[in-house]
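The values are calculated or read from the model by the stated rules, or taken from the named source; none is laboratory data. Worth saying up front: this structure is predicted, and the values here are computed from it rather than measured. Neighbour counts are summed over all protein chains in view; Cβ atoms, including those assigned to glycine, are modelled from backbone coordinates with ideal geometry.
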Amino acid sequence: MTPAALRWSKLIDEQEAAGLPNRAFADARGLNRDTLAWWRWRLRRTNSRSRPAREDGFFELVVRDPEPQVRQPLQVELQGLPARVLVDHGTDLALLRSLLEALS
């Protein structure tokens, strides 16, 4: 990864961790909104191409900062796709499976 890609990747990680929309994060940091959006697209595109395809059709789920005692919805980010899914204890798992199959 180039130094610029590393810098923008870190900024995007910070923005996602903060839970701020692109516009709010870019404005707070003095960043160009379009540049932030472009780097997000570019890095996702690069990451989706570099990942080996899984033959079993499953997605890898990485839980960041798990807090088992806190019963909040789990946010699933689908790498390479501009989508996030909130999953909680009341989620219809058949519907979730249908969604993931449609996206694969």
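Worth a mention:
- The stretch 5-29, subset under 15 Å from Arg84 (Cβ atoms) and polar (S, T, N, Q), residue farthest from the chain's Cα centre (by Cα): Asn22
- Cross-chain or 6+ apart pairs with Cβ under 7 Å, the stretch 26-37 first and under 16 Å from Asp13 (Cα atoms), then not in a helix (DSSP H, G or I): Ala26/Asn32
- Arg54 fulfils the conditions (1) modelled with pLDDT under 80; (2) surrounded by 10 or more Cβ atoms within 10 Å (Cβ to Cβ); (3) under 17 Å from the mean Cα position of the chain (by Cα) except for a single criterion, (3).
- Against the numbered list (1) in the same structural domain as Ala102 (by TED's automatic domain parsing); (2) polar (S, T, N, Q); (3) modelled with pLDDT of 90 or more, Gln75 comes up short only at (3).
- Residue within the stretch 16-24 that is at pLDDT 90 or above, touching a Leu at 6+ places or on another chain (Cβ under 8 Å) and outside the structural domain of Leu74 (by TED's automatic domain parsing) present: no
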